[in-house]
Each structure stands twice: as structure tokens, then as C-alpha cells.
Amino acid sequence: DAGVTQSPTHLIKTRGQQVTLRCSPKSGHDTVSWYQQALGQGPQFIFQYYEEEERQRGNFPDRFSGHQFPNYSSELNVNALLLGDSALYLCASSGGSLSNTGELFFGEGSRLTVL
Amino acid sequence: KQEVTQIPAALSVPEGENLVLNCSFTDSAIYNLQWFRQDPGKGLTSLLLIQSSQREQTSGRLNASLDKSSGRSTLYIAASQPGDSATYLCAVNMNTGFQKLVFGTGTRLLVSP
């Protein structure tokens, strides 16, 4: 049973560019959340997708957007990259109809470096 | 606004010691609390999940307790091993129905042989 998978694992961009990160949830999960983790900090909630809609958003600007596909996979897009966007981006999945305990499962993350 | 604090920020112990990591939160209206392990540059591995109605959960050498009314949780690690070296993160799931986690900044643990 594959867990949460994310791609790419590492990428380098320059200021002003755009980036797309991808996530496939754990089998049986229908909800995908994205988190940003700066070095030495705890992860910060960006937004959550359920039934292909954004249903809650953290304190992040509109440069951060996302999408969820019918197969529950998700993308995180960041436009007009800033140096401060350099971080580890984590995807978490949860939900589903069987024994939903509210536990979140995380992927290995995508390390974004903005130069 | 929910705030989560973890003490200590870093901890260094010799192999074999029992240790306790602390987590406190300001708003007791939580749905559940999760403890995670994070190795350098890696993602988060879920260790234990405690529902708001529970007092503790155990998995192997790990035991997590929850005192919701006082806003505290502890993670007890018995007979520590060098392989336990990692950052341990506490996260509370607010009672919003949306499974949104609020994290502490973690405790960095080093277990020396």
C-alpha cells in the first residue's frame, strides 16, 4: 500500500518564476492538505482540498493556489516566487470512508530553493 | 489563536535513558493530537494519535499522554536508542472538522551510543 507520494523531491527556481508541486494521497484517502515548513520551524498550514474544492485556507497570499483532481491527487502552484518561499512543502492526506480517525499521513516533501 | 509550544527545543541523552518530551497548547478545544518524527530533510512520520476523549496511547517504546483541560501532552520514550535521534513534532487538530494541524517547533533529540 503506497503512502503519500510527492514530486519532485528537490527543485531550484529563481525569483519571479512559477512552480508546481504534485501529491498523490494514501490509498483510500480523499482529502489533501498542503503545509510549508521553513528551516527550523514547524509546518504551517497552506490549504486543504476535498471533493476538488479548496475548503480551508491558512494565512498565505493568493500566489499560492492549488487543485485537486477526480482521483484525489493534488497540485500546489506558487507564482511570482520570492526568496522567502524557499522551504520544504509537505502534502498530507486523510479522510476516506473507512475508520476515519482524523489521522494525517505526510509525504516526504518537496524541497524548493528560490535563488 | 491556537499556539503550540514544545520544550525543550533540543535534548541530548546517552543511549538507554528514558526521556520525556513536552508539548503545551493554549486552546483546549482540540479534536485530537498527533506526535510526529522527522529525520533531517525528510517528511513527517506519524508516531501516535490521541483523540480528545483519550488520556494516552502506546506504541512499542513510545507512550503519549494528553491532559486536554490543562493543555498539555507528553511523549515518553523508554530505553532510548541512537536510531531515535530525530526531531519530534507535536501537532493539535483544531475542532473545526477540517483536520487542520497546528504544529509546535519541535524537539531535536540526539541519543549518543
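The values are calculated or read from the model by the stated rules, or taken from the named source; none is laboratory data. Source: prediction; values computed, not measured. Here Cβ is always computed from backbone atoms with ideal geometry, including for glycine, and neighbour counts include all displayed protein chains. SASA here: full protein model, heavy atoms, side chains in, ligands and nucleic acids out. Shrake-Rupley method; radii C 1.70, N 1.55, O 1.52, S 1.80 Å.
Annotation: per residue accessible area for the stretch A:1-91 equals 50 Å², rounded to a whole number [probe 1.4 Å, protein chains only]. Summing Cβ point charges (Lys, Arg +1; Asp, Glu -1) relative to the Cα centre of the stretch A:25-68 gives a dipole of roughly 240 debye.
The alpha carbon convex hull volume per residue for chain B rounds to 93 Å³. Taking both sides together, the accessible area buried where A meets B is about 1800 Å² for a 1.4 Å probe. Relative to one another, the C-alpha centroids of the stretch B:1-23 and the stretch A:44-115 are positioned 28 Å apart. Loop-located GluC sites (Glu not before Pro) in the stretch A:12-115 (DSSP state other than H, G, I, E, B) with a sparse environment of at most 13 neighbouring Cβ atoms within 10 Å: A:Glu51, A:Glu52. For chain A, the relative contact order comes to 36 percent (Cα pairs under 8 Å, sequence separation of at least 6). For the stretch B:30-99 and the stretch A:1-41, compute the distance between their C-alpha centroids and round to whole Å. Between the Cα centres of the stretch B:30-99 and the stretch A:1-41 lies a distance of 22 Å.
Of the solvent-accessible surface of chain A, computed with a 1.4 Å probe over protein heavy atoms with every protein chain present, carbon and sulfur atoms account for 49 percent. Over chain A, the fraction of Cα-Cα pairs per 5 Å bin, rounded to whole percents and listed from the shortest bin up, is 2, 13, 24, 26, 19, 10, 4, 2, 0. Averaged over peptide A:10-19, the number of partner chain Cβ atoms lying within 10 Å of each residue's Cβ comes to 0. For the peptide A:35-42, the mean number of other protein chain Cβ atoms found within 10 angstrom of a residue's Cβ is 4.
Computed from label points 7 Å out along Cα-Cβ, the spacing between B:Lys42 and B:Ser70 is 3.3 nm. Of the trypsin sites (Lys or Arg not before Pro) found in the stretch B:1-86, those in coil by DSSP whose Cβ has at most 13 other Cβ atoms within 10 Å are B:Lys1, B:Arg55, B:Arg61.
Taking only protein heavy atoms and a 1.4 Å probe, the accessible area of chain B is 49% carbon and sulfur. Summing charges over all other residues whose Cβ lies under 11 Å from the Cβ of A:Leu81, with Lys and Arg as +1 and Asp and Glu as -1, gives +2.
Under 5 Å from the amide H of A:Thr31 lie the amide H atoms of A:Ser94, A:Gly96, each residue being 5 or more positions distant or on a separate chain, with H modelled from the backbone and absent for Pro and chain starts.
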